[in-house]
Amino acid sequence: MLTFIVEATTSIVKLALFGGVGFIGGGVIAYFIWNLTLKNKSRTIINDAKNEAEVIKKDKIIQAKEKFLELKSEHEKFINDRNNKLAQAENRFKQKETVLSQRMEENTRAKKELDLIRENLNAQMDLIEKREEELTRAHRQQVEQLEAISGISGEEAKQQLIESLKEEAKTEAMSYVNEIMDEARMTATRDAKKVVIETIQRVSTETAIENAVTVFTIESDEIKGRIIGREGRNIRALESATGVEIIVDDTPEAIILSAFDPVRREIARLALHQLVTDGRIHPARIEEVVSKTRKQVEEEIIEVGKRTAIDLGIHGLHPELIRLIGKMKYRSSYGQNLLQHSREVANLSAIMASELGLNTKLAKRAGLLHDIGKVPDEEPEIPHAIYGMKLAEKFKEKPEICNAIGAHHDEVEMNSLISPIIQVCDAISGARPGARREVVESYIKRLKELENLALSYPGVLKTYAIQAGRELRVIVGSDKVSDKEADSLSYEIAKRIQDEMTYPGQVKITVIRETRAVNYAK
């Protein structure tokens, strides 16, 4: 049994041994086979790569050849184009060269012709000079013969002729000038009056003047108490906010707003109307309403300025000038509404400029703006005409318009024909009876000065200033003043009034001398 086990073990060992040897041998054989297979496969891959590389190389060579051929054809085309351009330029150069050669030949021929003409001219000039010398010699001989015959020299004869012609021309010129002056004297006054009268007739405006108070109508006297308020709080708030004096008196159903500034009166009137309509009247509400009303009036001022410019056909005004024009509605000059006055002057100026053949648009523009210096936001210390001229210059108005504004009261010298027209039309609008209100004291003082001035002359018995001071009638004694002296007296009074007094328009002086024979039947 043990022997069997030993043998079996020996057999197993042998088998294991043979198996191990066989496994190792198989592994070695498999390694060699695998190695051989890998070498064959790598050789195949290398061959394929080489073949593919050859194909790519051939493709790249073909592409490079095609690119080269393309570049070659483009280069040849560029070279051909350049050669063509060079050939064209060469042809043009040759043509220009040919033209220049022809011109040079022509210039050469012309030069030769000019030389021939110059030679001919020189010969003719020499001949003319010889002829002139001969004529001068013959003229001198004739003058000498005439001097010998007349007994005076040629210079003396020439001087006598000049003097006679000068005297004759002077006489004719003086006669012509006198005729023109006489005709101008006869027609100037008539033509000027015709232009002024036709201008005034074509412009019709109201003559009512403005007052410094506004009457505010209320429905009942009960509202007066509410406007006054407890212990006068409301009326004090109103006066403080508007700057207007509010007079509440016994006048039935009316309250008087008094102020010299029409803008303040208008703001107070509108604010009071809104407060009375609303019914809520207390200091806080008053300040709020007055503030809103002031903005509304400012907007209304701008709207009035725009509407005025459109109505008159004036365009291109600066917005600030338009605001100042609208502000004229709430300003007055001696009681005359400033906007109405400026519109009237603009229309008068345009008509008068048209009659005289001048620029009507410039005249109308200057007429509208001539009193723009009366409505400043601040109070300047210079005359309104100068201030208005500076405003117009500031807002790029034309020099003619600026000069017309500054010269309409003779503060600056007039340098255009528009300026005297504006001055005349301003006087026409302001001096019309009823157009302006005059302070009673100054009015009475002016009338007294007129009468006293005439009374200071000897022989004057009585004087009467009539027609609002536009006519002065002087009654003289017939035994003290003769008819000739009356004429002289009228002239002297007029001259003295003109030199010493300030007055609107003109003053007519009428000297009355009469002889009365008085008897009584008993």
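The values are calculated or read from the model by the stated rules, or taken from the named source; none is laboratory data. All values derive from a computational prediction rather than experimental measurement. All Cβ positions, even for glycine, are placed from backbone atoms using ideal geometry, and neighbour counts span all protein chains on display. Surface accessibility is based on the protein's heavy atoms, side chains included, excluding ligands, DNA and RNA. Shrake-Rupley method; radii C 1.70, N 1.55, O 1.52, S 1.80 Å.
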Handout entry: Wholly enclosed helices (runs of 4 or more DSSP H) of region 193-283 bearing at least 3 residues at pLDDT 75 or above and of a type outside the set (A, V, I, L, M, F, W, C)
Key = 233-242, 262-278
Exercise for the section: Might you check whether a residue that is modelled with pLDDT of 80 or more and in contact with a strand residue (DSSP E or B) (Cβ under 6 Å, 6 or more places away or on another chain) occurs anywhere in region 430-443? Expected result: no
Exercise for the section: Please go through region 406-420 and pick out each residue that is over 16 Å from residue 360 (Cα atoms) and open to solvent by less than 10 Å² (accessible area, probe 1.4 Å). Expected result: 406, 407, 408
Practice task
Report yes if residue 99 is in contact with a Gly (Cβ under 6 Å, 6 or more places away or on another chain) and not basic (Lys, Arg), otherwise no.
Solution key: no
Handout entry: Any hit, region 500-512, residues being crowded, with 16+ Cβ neighbours inside 10 Å, assigned to a loop (DSSP other than H, G, I, E, B) and at pLDDT below 90
Key = yes
Fill in the blank from the handout: Pairing a residue in region 479-492 that is under 21 Å from residue 517 (Cα atoms) and in a loop (DSSP other than H, G, I, E, B) with any residue that is open to solvent by 50 Å² or more (accessible area, probe 1.4 Å) and among the charged types (D, E, K, R), where Cβ atoms lie under 7 Å and the two sit 6 or more apart in sequence or on different chains, gives 481/513
Exercise for the section: Considering only residues that are crowded, with 20+ Cβ neighbours inside 10 Å and small (Gly, Ala, Ser), look in region 334-353 and name the one that is farthest from residue 296 (Cα to Cα). Expected result: 353
Practice task
Tell me, yes or no, whether region 268-282 has at least one residue that is open to solvent by less than 10 Å² (accessible area, probe 1.4 Å) and in contact with a Ser or Thr (Cβ under 8 Å, 6 or more places away or on another chain).
Solution key: yes
Practice task
Select, from 384, 408, the only residue that is over 17 Å from the mean Cα position of the chain (by Cα) and within 24 Å of residue 263 (Cα to Cα).
Solution key: 384
Practice task
Could you identify the single residue in 5, 46, 61, 56 that is open to solvent by less than 100 Å² (accessible area, probe 1.4 Å), modelled with pLDDT under 75, in a helix (DSSP H, G or I) and out of contact with any His (no Cβ under 7 Å at 6 or more places or on another chain)?
Solution key: 5
Practice task
Evaluate the following for residue 288: is it more than 22 Å from the chain's Cα centre (by Cα), surrounded by fewer than 17 Cβ atoms within 10 Å (Cβ to Cβ) and more than 16 Å from residue 423 (Cα to Cα)?
Solution key: yes
